[in-house]
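Asker: Have a look at this one before I ask anything.
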Amino acid sequence: MDFSQYFPIWSKLTDDQRQRITQRVMRREVKKGALLHDSSNECTGLLLVRMGQLRAYILSDEGREITIYRLFDRDMCLFSASCIMRSIQFDITVEAEKDTELWLIPPDVYQAIMNESAAVANYTNEVMASRFSEVMWLVEQIMWKSLDKRLASFLAEESAIEGSMTLKLTHETIAKHLGSHREVVTRMLRYFQNEGLVKVSRGSVEILDMDALERLGE
């Protein structure tokens, strides 16, 4: 499949707009762990995932990470082109969680077409609203949910994403997703293990009781 089959509103563009995107869009293949965007470059471009998985996160002043959303097949990241949205006042880092194929749309091309096309402007607003909803959901989780519930929810979600009860995750990786410390996550996983919810091994967590884990995360 080519770009036109992944861009949701391709049919609503004019021939000229399609040509301009086609001439400038870049297809990239990145390896797991590759850094695609950070605070040093506010105008990387818009990222449209063809196949793979990306993670968007923010960094605290102390260097702690917390995942704010993830991107899967056909998802688009607008925050990597924050220069076209002046209201964005926080820095986001985007990295590949898996080997990923994606397209990069230059911000100047997208902004010009967005200024011309109501369909593109509306689509952009919808994507932004969805991402901000995810950010607000995260804020609510941090403020009102204890770490054990957040960890349980994360493990259940990760199992659904991977389609497996055995998760290849280090304690450090989990801590980065949750914005916590590795030592705190380790203690919580040991508690889960003592309760029969999971089995912890080096570099992996096996879920033993998904029903109990989901109830805890509710």
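The values are calculated or read from the model by the stated rules, or taken from the named source; none is laboratory data. Computed from a prediction, not measured in an experiment: that's the story for all the values here. Neighbour counts are summed over all protein chains in view; Cβ atoms, including those assigned to glycine, are modelled from backbone coordinates with ideal geometry.
Asker: Of everything in the stretch 1-45 that's surrounded by 11 or more Cβ atoms within 10 Å (Cβ to Cβ), of a type in the set (Ser, Thr, Tyr) and out of contact with any His (no Cβ under 8 Å at 6 or more places or on another chain), which residue is nearest to Ala96 (Cα to Cα)?
Answerer: So the residue we want is Ser39.
Asker: Oh, and also: From the set of residues in the stretch 131-174 that are in contact (Cβ under 8 Å) with a residue 40 or more places away in the chain and small (Gly, Ala, Ser), which is farthest from Met51 (Cα to Cα)?
Answerer: Looking at the filtered set, the residue picked out is Ala152.
Asker: Quick check on Ile161: is it surrounded by fewer than 16 Cβ atoms within 10 Å (Cβ to Cβ), touching a strand residue (DSSP E or B) at 6+ places or on another chain (Cβ under 9 Å), hydrophobic (A, V, I, L, M, F, W, C) and under 25 Å from Ala56 (Cα atoms)?
Answerer: Numbers: surrounded by fewer than 16 Cβ atoms within 10 Å (Cβ to Cβ): yes; touching a strand residue (DSSP E or B) at 6+ places or on another chain (Cβ under 9 Å): yes; hydrophobic (A, V, I, L, M, F, W, C): yes; under 25 Å from Ala56 (Cα atoms): yes.
The answer is yes for Ile161.
Asker: Then there's this: If I filter the stretch 116-130 down to residues being more than 21 Å from Arg50 (Cα to Cα) and in contact (Cβ under 8 Å) with a residue 60 or more places away in the chain, which single residue comes out as surrounded by the fewest Cβ atoms within 10 Å (Cβ to Cβ)?
Answerer: Only one residue tops the list, namely Glu116.
Asker: Further question: Does the stretch 92-102 include one or more residues that are out of contact with any strand residue (DSSP E or B) (no Cβ under 8 Å at 6 or more places or on another chain), in the same structural domain as Ala129 (by TED's automatic domain parsing) and either basic (Lys, Arg) or at pLDDT below 95 (or both)?
Answerer: yes
Asker: Against the conditions (1) out of contact with any strand residue (DSSP E or B) (no Cβ under 7 Å at 6 or more places or on another chain); (2) assigned to a loop (DSSP other than H, G, I, E, B); (3) of a type outside the set (D, E, K, R), where does Ala175 fall short? Just the number, please.
Answerer: Failed condition: (2).
Asker: Report the residue count in the stretch 91-140 for those that are over 27 Å from Ala34 (Cβ atoms) and touching a Leu at 6+ places or on another chain (Cβ under 9 Å).
Answerer: So the count comes out to 4.
Asker: Cβ contacts < 7 Å: first residue within 26 Å of Ile68 (Cβ to Cβ), restricted to the stretch 179-208; second residue assigned to a helix (DSSP H, G or I) and among the aromatic types (Phe, Trp, Tyr), any location; separation 6+ or different chain. Result?
Answerer: Val198/Phe192
Asker: How many residues are closer than 18 Å to Val127 by Cα, in contact with a helix residue (DSSP H, G or I) (Cβ under 9 Å, 6 or more places away or on another chain) and not in a helix (DSSP H, G or I) if we restrict to the stretch 4-18?
Answerer: Looking only at that region, the number is 4.
Asker: Could you please tell me which pairs satisfy a Cβ distance under 7 Å, a separation of 6+ or placement on different chains, a first residue in the stretch 61-77 that is in contact (Cβ under 8 Å) with a residue 24 or more places away in the chain and within 19 Å of Leu138 (Cα to Cα), and a second residue that is among the aromatic types (Phe, Trp, Tyr) and part of a strand (DSSP E or B)?
Answerer: Pairs found: Glu65/Tyr57; Ile66/Tyr57; Thr67/Tyr57; Ile68/Tyr57.
Asker: Also: Residue by residue through the stretch 86-115, note down the ones that are surrounded by fewer than 14 Cβ atoms within 10 Å (Cβ to Cβ) and farther than 20 Å from Val49 by Cα.
Answerer: Arg86, Ser87, Gln89, Phe90, Asn115
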